Every structure is written in C-alpha cells, then in structure tokens.
Amino acid sequence: MAVVPMKRLELFALRRDRKAILELLQRRGVVEVESTQASGEVFRQADTSQAQQELETQARLLEQAVELLDHTVPVKKGMLSFLAGRKPVTWEEYQRQGQEAPALLEQAREILRLGKQVTDSEAQAQRLEAQLETLKPWMALDLPLDAKGTGSTRVFLGSFPQALEEGALKAQLAQRLPQVSGMEAEVLSCQAQQTCVFLVCLRQDAAQVEEALRSMGFTYPAVTSPLPPAQQAKALEEEIRGARKEREDALGKIAGLAPKREELLLAADYISARAEKYQVLGELWQSPHTFCLAGYLPAEDAPGLVGELESRFTLLAEVAEPGPQEDPPVKLKNNFFTEPVEGVVEGYSLPSRHEVDPSAVMAFFYYVLFGMMLSDAAYGLLTVVGSAFALRKFPDMELKMRKTLRMFLFCGISTTVWGVLFGSYFGDAIPVIAQTFFHTEITVPALWFEPLDDPMRLLIFSFGVGVAHLFTGLGVQFYQLAKQKKYADALYDVVFWYLLVGGLIVVLLSTEIFQNIAELPFVVPGPVAAVAGVLAGIGAVGILFTAGRESRNPVKRFLKGLYGLYGVSSYLSDILSYSRLLALGLATSVISTVFNQLGAMLGGGVVGAIFFAVVFLIGHSMNMAINLLGAYVHTNRLQFVEFFGKFYEGGGRAYAPFAANTKHFQIKEEK
C-alpha cells in the first residue's frame, strides 16, 4: 500500500531567471504547479494566452503536415505496432530539434501548400474532364459552339431532352413552321435522353424558329467555345495533362519530404511543451523583479530538486507538509507484483489523502479470482507467452500498456495453476484427441478435482474465497481507522461485523443440513458452534447500539441501529456474488468440451484431422477471447463492488506534474 508522500513547494526567485527555472522544472518533471493567490498591488499575472495560442497553432500545423505525409506516403506498420510505444530520444536531441523548429515550420507550410496544390490540381482535372465529357455529343460539329450565323443567316446549336431522329425533327419543324423556307436542320448526335442538333435559317425567320424550338424543349449548350468542339477537346486534353502533371509533381515533392516526418513530430512535441510552459508562466505571480511559484512534489524528489535549484539560482525554496485543508495530488508507487493493478485502481478512483493504496492487497486476490474464472492451463500458458513476448519485443512500450500486459502475465500464471488443479487443458482436448486419432485412453488427472464432476465443491470453495476477500477488505478498513486513531470506530464498524458475519458462518457450517449439502470433510464441534453463536450475538447487539451513534435522539439512534443490522443481508448478497467464480469457470470448461466434441465428429483420418484442426483453432480462439473478457470484467466487478465497498471511497486527484508531456516521443535522460 504505497501512496507516495507529497510535499508542498513554495519558490521565490528573481524574474530574470524565470525561463531557466521553468525549463529546469519541466525537464525534471516532478512538480505539479498550483495556481496561487498573491497581492495584486505588488504581484501580477502576465497574459500569455496569445503566445500560448500561437505555439499551439504551430504544433497543429506540424501535425497536419505529418498527417498529409502519412496519407500521401503511408508508413507500413505491423499488426502489433500499437504496442511499440513512442520512440525514445535524449534531452539533448530534443533541445537540438527545438532549435530547428523555425526551419521545420517552413517545411511544414511547404508540405501543406503542396497538399493544397495536389487537391486543387485534382479538382481542376476533374472539372476539365467534365467539360470534355459535355463536348463529346458535339464532336461532329465543325463550327464553334458559340457560332451565331452570318449577316443573313442565324445558326441554332442546342439539344432536345429526348431521342429524336433527323427525319422526325424536320417533320415537326415543317409542321410548326409551314411559312418558313430556306431552313436546314442536322442531328449531330442522338442518345436516349438527349439529341444535339445544328439548325440554320434566314435571319428574318430567326424569331419564329426560336419560338418553335423552345416549344419543343430546345436548350442551348451548357458550354460555349470560340473553337470547334474537336479543337476545344484537344485543348482541354492538354490542360488535363498539365493538371495531372502538376499533381504528380506536387506528390513527388511531398514524397521527397517524407524523411522529415520524425523531425516534424519532434518539433511538434517541442513546441507543445513550450506552449505548456507559457501556460504555467501565465499562472505565476510576478513583480517587476521577482516571481513566486507553488506546487506539490513527491517527498523523495524534494531534496534533490531544491538542492539543484539553490545551486544554480538565487532563490528561496521552502518545502513543507501540505496543510490539513489542502488537496495534494496522489501518486502510487508499488512493487513489481502489485504495480500492474494500479490501472484498475485508477479506473475506479485514486485513494483520497487519508486512505491507503489498495493495490497491494487487491493484487493477490485479483490474480486468484481471474485465474479461477478462466481456469484452463492451456489458455493460461497462451496468455503468459503472449504477454511475455510483447513485453520483451517492445521495450519502449508505454507504461500503462506495460502495466496492463504485466497484469495479464500474472493472471495467466494464476490461470495456468488453476487449470492444472482442475485438470483442464483446452478443456478435455487431450483425451478427445487420444481417443479420436490414436484410439487410446490418455488422461491428465486434476491435481485437486474436476469442477464438472463436483460443482458443489467448487461453489462452496468460491464462497470461501469470497468470505476471505470481504474480510480482507474489512481488515483494511480496520487498519485505516486505527491509523487515524479512530479506535472506537474500528471496533464499531469492523470488529462487530467480524463477530456477526464470522459467527453466523461458523453456525451455518455446524448445521446438519449444510453438512449434507456441502459434504464438508470436517465437522464443526458443538461447543465451537455455541461460542460462534454467542460472538454473533455480541456483534449484532454491538451493531444495533452503535450503527446510529451520530444521532442524539435515542429513538432515531435505535432505528438506525436496526437499519445497520439489516446490512447483514448485503453481506449475504456479496458472498453469493462469488458464485460467478463457479459460473465462469464452468463456462470455460463446458464450451471447450463442446468444441472438442464437435471437432471429433468426423472421426480420425485426414479429413477428420483437418476438420478437427479448423474447429479447434476457431472454437478455442473464440472461447479464450470471450472468457478472457468475461474474467476481466467480472474480476473488476468483484473488486469495485464487493471488495472496495468494505473500505474504499476514493476521490483522490491524479498527480500531473509540469513536464515535457510529449505526444510522439519519449524523452529519456542519459545516465
């Protein structure tokens, strides 16, 4: 149980050293800077919002350039690349890249400009291709599309919204314009929904002809050109080739800048860290010559940091215990075995200032409960091998992912142990394979017992594990109350419940009906049961008279005591919740057995072996995935609801130190 002790740091220094001090604090990354209050007459806060916004804009610009590079020149990534984590760089490399940030910003702008050029060129080519498509029906015309005629003639170029043969067109025109002579019409192209025509008439008849054409649905072409369609098409094709070439040239230039990808990302990290520094700078209270800074840091880091600050700068640094009304951040620190479950604790809530870190006591039960739910030695070994491989393969993996995989490593070990105890190796795969393909009997006996043969035994054991789990939670509550010197509360809220619940359990074990159902290998002696009953009575009376102790009214206190005593039913429901250990354990085994039997349906031989292999791989992969998820969810549920419900409230604030919180690279100090 390790909540790292926090100290409060107050720093007073010369204003000229602001930048250097903040850079040192950011590099060390151990101080969570707090926004403090100071006298407005002497100290003022600087407005750094504009500078911060400009830096954030620059960082976004760099990231947008990299996104464009990724889209244009994608990087091939492996299936497990998400486990690789950020690439490590030294602080010196990080600072050196920061010096090149202005040049990299220009390159990012060039990449984005080229990206816009690619988009514009593509749009231009598509627009020209659309124009070329509209010219195709007019390719038989040897006049410009904007031809109007001569001094004595009028030319009409357009289309009708239906298929129209030349003979039918001339017949309709003759019918509508019987008085017009000297008119000629020609169909240039005919399609199902469009007929393009050329028509010429005397200029004095133009008005009548146009009116007749409109009544027939005639429309002028959407595009016009001073060139004949064939020549215009050649010009458009040339423009399209030019636009395509411009696009390809821009893409080539972007590809040539792809090697700058990592430099751009590192510059983005550097500028983002600078933006964060300006945010902190805006929270500082400053006078014309000095400034003050306050925050929290781990007690173990305080001497080294203060010594370094005092050796390099003229300042006053005070380190003290946080006041009783303060809310210092929470940082957890655990050993190799318990650290992996910190993510589970954080997923619920960090411990408050006066609570213990539940990781240590939770870790053992977490691994045990998870293993009981999955409870197959082969599944456990696969989990162990997969987790160990990933941990070894990706040494720069993110810390949270590393903790999670280590947690599954320990859960896999537990699963393997329980699988051996229960005799489950891919369910009953070993005897099924031996019988189906080798016609022999091979069994691997369980070191303890097989749950399918004796489910009641596993159910009783599950309840026993649940009682131990809940009583451990009560023990942690006793420890917390005793640590705060609340000895009476420890007696009333913990010891009395131990007496009541523990006594009732012993009395239950001594009953004949329970002995017959559970088939226990032992018998509780009568005197022991009598003593347990007395202790349960003492616990019940104690709870009755102390559960409502905060009330002054005796009637209200008694009623609250009755309600508190009714809480024994919640212990019953909590203990029954551990029956899920039986349910999930049997589910894993039963489904495995079903897939094994299904795979063996075709018997031995080549076809049977192929069928068995396919069913085995698919079935057990699905079963393992589903039951891994189920074990994870239900183990968390038992921790959050049953276990934490006995002692843990949470509400702590996560420790968020002022540091170079990089997104794309890990900064590692050289040792």
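Scan the stretch 432-445 and report the pairs whose first residue is assigned to a loop (DSSP other than H, G, I, E, B) and whose second residue is modelled with pLDDT under 90 and of a type outside the set (Ser, Thr, Tyr), with Cβ atoms within less than 9 Å and a gap of 6+ or a chain change.
Final answer for the pair search is PHE438/GLY604; HIS439/GLY604.
Got at least one residue in the stretch 407-425 being assigned to a loop (DSSP other than H, G, I, E, B) and of a type outside the set (A, V, I, L, M, F, W, C)? Outline the logic, then answer.
To start, the set of residues in the stretch 407-425 that are assigned to a loop (DSSP other than H, G, I, E, B) comprises 423-424.
If we keep only those that are of a type outside the set (A, V, I, L, M, F, W, C) too, we end up with 423-424.
Yes, some residue in the stretch 407-425 is assigned to a loop (DSSP other than H, G, I, E, B) and of a type outside the set (A, V, I, L, M, F, W, C).
Can you name the residue in the stretch 280-304 that is in contact with a Phe, Trp or Tyr (Cβ under 9 Å, 6 or more places away or on another chain) and part of a loop (DSSP other than H, G, I, E, B) and, of all such residues, is farthest from GLN52 (Cα to Cα)?
Selected residue: SER287.
Looking only at the stretch 358-374, count how many residues are out of contact with any Cys (no Cβ under 8 Å at 6 or more places or on another chain) and surrounded by 23 or more Cβ atoms within 10 Å (Cβ to Cβ). Lay out the reasoning, then the answer.
Just the residues of the stretch 358-374 that are out of contact with any Cys (no Cβ under 8 Å at 6 or more places or on another chain), to begin with: 358-365, 368-369, 372-373.
Checking which are surrounded by 23 or more Cβ atoms within 10 Å (Cβ to Cβ) leaves us with 358-359, 362, 369, 372-373.
Residues meeting the conditions: 6.
Condition check: of a type in the set (Gly, Ala, Ser), at pLDDT below 90 and in a helix (DSSP H, G or I). Does ALA174 satisfy that? Can you show your working first?
Working: of a type in the set (Gly, Ala, Ser): yes; at pLDDT below 90: yes; in a helix (DSSP H, G or I): yes.
Spelling it out, ALA174 is indeed of a type in the set (Gly, Ala, Ser), at pLDDT below 90 and in a helix (DSSP H, G or I).
Quick check: is even one residue across the stretch 419-439 in contact with a helix residue (DSSP H, G or I) (Cβ under 8 Å, 6 or more places away or on another chain), closer than 29 Å to PHE644 by Cα, of a type outside the set (A, V, I, L, M, F, W, C) and crowded, with 17+ Cβ neighbours inside 10 Å?
yes
What residue, among those in the stretch 510-527 that are under 51 Å from the mean Cα position of the chain (by Cα) and in a loop (DSSP other than H, G, I, E, B), is surrounded by the most Cβ atoms within 10 Å (Cβ to Cβ)?
If we take residues in the stretch 510-527 being under 51 Å from the mean Cα position of the chain (by Cα) and in a loop (DSSP other than H, G, I, E, B), then LEU520 is surrounded by the most Cβ atoms within 10 Å (Cβ to Cβ).
Among the listed residues PHE408, PHE437, PHE461, identify the single one that is aromatic (Phe, Trp, Tyr), touching a Gly at 6+ places or on another chain (Cβ under 6 Å) and either modelled with pLDDT of 95 or more or in the same structural domain as GLY605 (by TED's automatic domain parsing) (or both).
On the way: PHE408 fails: touching a Gly at 6+ places or on another chain (Cβ under 6 Å); PHE461 fails: touching a Gly at 6+ places or on another chain (Cβ under 6 Å).
Going through PHE408, PHE437, PHE461 in turn, the sole match is PHE437.
Only one of GLN117, GLN50 is among the polar types (S, T, N, Q), in a helix (DSSP H, G or I) and in contact with a helix residue (DSSP H, G or I) (Cβ under 8 Å, 6 or more places away or on another chain); which? Step through it out loud before you land on a result.
Values: GLN50 fails: in contact with a helix residue (DSSP H, G or I) (Cβ under 8 Å, 6 or more places away or on another chain).
Exactly one residue qualifies, and that residue is GLN117.
Determine if the stretch 73-80 includes at least one residue that is in a helix (DSSP H, G or I), modelled with pLDDT under 95 and farther than 17 Å from PRO259 by Cα.
The answer is no, given that none of the residues of the stretch 73-80 is in a helix (DSSP H, G or I), modelled with pLDDT under 95 and farther than 17 Å from PRO259 by Cα.
So which of GLY645, GLY619, GLY548 is in a helix (DSSP H, G or I), on the phi < 0 side of the Ramachandran plot and modelled with pLDDT under 95? Reasoning before the result, please.
Values: GLY619 fails: modelled with pLDDT under 95; GLY548 fails: in a helix (DSSP H, G or I).
Criteria check complete, one pass: GLY645.
Only one of (1) closer than 24 Å to LYS646 by Cα; (2) more than 30 Å from the chain's Cα centre (by Cα); (3) acidic (Asp, Glu) is not met by GLU318, so which one is it?
(1)
So which residues in the stretch 188-226 are β-branched (Val, Ile, Thr), modelled with pLDDT of 90 or more and closer than 16 Å to PRO144 by Cα, if there are any at all?
The initial filter retains those residues of the stretch 188-226 that are β-branched (Val, Ile, Thr), namely 195, 197, 200, 209, 219, 223-224.
Okay, now just the ones that are also modelled with pLDDT of 90 or more, so 195, 197, 200, 209, 219.
Correct list: VAL197, VAL200.
Which of the residues belonging to the stretch 81-92 are surrounded by fewer than 15 Cβ atoms within 10 Å (Cβ to Cβ) and in a helix (DSSP H, G or I)?
Selection gives SER81, PHE82, TRP91, GLU92.
Exactly one condition in (1) touching an Asp or Glu at 6+ places or on another chain (Cβ under 7 Å); (2) surrounded by fewer than 19 Cβ atoms within 10 Å (Cβ to Cβ); (3) of a type outside the set (D, E, K, R); (4) modelled with pLDDT of 90 or more is not met by GLN50; state its number.
It fails just one condition, (1).
Hey, among the residues in the stretch 133-160 that are at pLDDT 90 or above and under 60 Å from the mean Cα position of the chain (by Cα), which one's farthest from SER225 (Cα to Cα)?
PHE160
When you scan the stretch 660-669, do you find a residue that is among the acidic types (Asp, Glu), over 22 Å from the mean Cα position of the chain (by Cα) and not assigned by TED's automatic domain parsing to the domain that holds GLY585, even just one?
So far as the stretch 660-669 goes, yes, one or more of its residues are among the acidic types (Asp, Glu), over 22 Å from the mean Cα position of the chain (by Cα) and not assigned by TED's automatic domain parsing to the domain that holds GLY585.
Might you check whether a residue that is surrounded by fewer than 15 Cβ atoms within 10 Å (Cβ to Cβ), at negative phi and of a type in the set (S, T, N, Q) occurs anywhere in the stretch 460-483?
no
Which residues, taken from the stretch 380-389, are crowded, with 19+ Cβ neighbours inside 10 Å and out of contact with any Phe, Trp or Tyr (no Cβ under 8 Å at 6 or more places or on another chain)?
Start the filter on the stretch 380-389 by keeping residues that are crowded, with 19+ Cβ neighbours inside 10 Å, which leaves 380, 382-384, 387.
Scanning the stretch 380-389 gives LEU382, VAL384.
Yes or no: the stretch 603-621 includes at least one residue that is under 30 Å from the mean Cα position of the chain (by Cα), in contact (Cβ under 8 Å) with a residue 40 or more places away in the chain and surrounded by 12 or more Cβ atoms within 10 Å (Cβ to Cβ).
Yes, the stretch 603-621 contains a residue that is under 30 Å from the mean Cα position of the chain (by Cα), in contact (Cβ under 8 Å) with a residue 40 or more places away in the chain and surrounded by 12 or more Cβ atoms within 10 Å (Cβ to Cβ).
The values are calculated or read from the model by the stated rules, or taken from the named source; none is laboratory data. Being a predicted model, the structure only gives us computed values, none of them experimental. Note that each Cβ is placed from the backbone with ideal geometry, even for glycine, and that neighbours are counted across all protein chains shown.
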